[in-house]
1. Tell me, what % of the accessible area of the chain is carbon and sulfur with a 1.4 angstrom probe?
2. Over region 207-249, what relative contact order in percent results from Cα pairs under 8 Å that are six or more residues apart?
3. Please list 233-240, 127-134, 173-180 highest first by mean number of surrounding beta-carbon atoms within 10 Å per residue.
4. Give the residue from VAL103, THR164, ILE230 lying farthest towards the positive end of the charge dipole for the chain; charges sit on Cβ (+1 for Lys and Arg, -1 for Asp and Glu) and the dipole is referred to the Cα centre.
5. To the nearest 10 square angstrom, how much accessible area does ILE181 have with a 1.4 angstrom probe?
6. Determine how large the accessible area of VAL47 is when every protein chain is in place; take a 1.4 Å probe and give Å² rounded to the nearest 10.
7. Expected output is a single nm value to one decimal: the length gained when fully extending between GLU237 and PHE37, i.e. 0.36 nm times separation in residues minus the C-alpha distance. What is it?
8. How much accessible area per residue does region 96-176 have, in Å², with a 1.4 Å probe?
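The values are calculated or read from the model by the stated rules, or taken from the named source; none is laboratory data. Computed from a prediction, not measured in an experiment: that's the story for all the values here. Every residue, glycine among them, receives a Cβ derived from its backbone with ideal geometry; neighbour counts consider all protein chains shown. Accessible surface areas use protein heavy atoms only, side chains included; no ligands, DNA or RNA. Shrake-Rupley method; radii C 1.70, N 1.55, O 1.52, S 1.80 Å.
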Amino acid sequence: MNRQAQGVVMLLLGGAILKASLTDMYLRYVKAGLQPFLIGAGALLVVAAVMTLWYDFRHGTTADTECADGSHEHGAEHEHAGGHREPRVGWLLIAPVLGLLLVAPPALGSYAAEQAGSALSAQQVSDFPALPAGDPARISVLDYATRAIFDEGRSIGDRRVRITGFLSADPNGGQLLTRMILSCCAADARPIKVGMNGAVPQGLAADSWVEITGRYTAHRGTDPVNGDDIPFIEVLEWRPVTAPAEQYE
């Protein structure tokens, strides 16, 4: 890989990062708070690429490599003399470029959730604020699950709540309402799972997003992957919805 190729690859990689971070695409892979760092990294790569290409074209050389004896040779002279270029593994930097520009993998969904145990036990809390105003109260899947397990529903009472998530398969039969939570990026994402009783969604495939309105129920299940408790919700009504831009909690 010569210097011009290095510049082109860096330009493509920086452009792909900027494209993802200036749209909602980056939310499929990292939390929202990392957007400024992604923009900065992408811009830095683009600037480095432009400077590399400008320097190369200005000096009319495709390589500037230090030889084993400490001397320097430039451009075609060094290449014809059998000098060393950067290793070919550098071309693998094009892989994430192609992934972001051509494939754009979706956010983690039901398959990842079914392979991992519930992360609820790691979210244990003991102090629960009052539910938001409104009927029903709109809360997150994680908020409902922690209140149902660690507070045994006391902070919910008889209030109706509304939660949104995607459907994943329940190994014990039926489907679970699921949401992935993350600390940094998709690599550390773990599922929060909620079982459903009552007027449960019908006729929808896994990964379908639904909005559930329901009430707390003391019924619990067990996650066969890691043995964690799975809270349930008594579904009063539901409707399909489009996936939100920010799919992780």
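1. 57 percent
2. This gives 46 percent for region 207-249.
3. Highest-to-lowest ranking by the protection proxy: 173-180, 233-240, 127-134.
4. Positive-most Cα among the choices belongs to THR164.
5. 20 Å²
6. 80 Å²
7. Length difference between fully extended and current span is 67.9 nm.
8. Computed with neighbouring chains in place, this is 49 Å² per residue.
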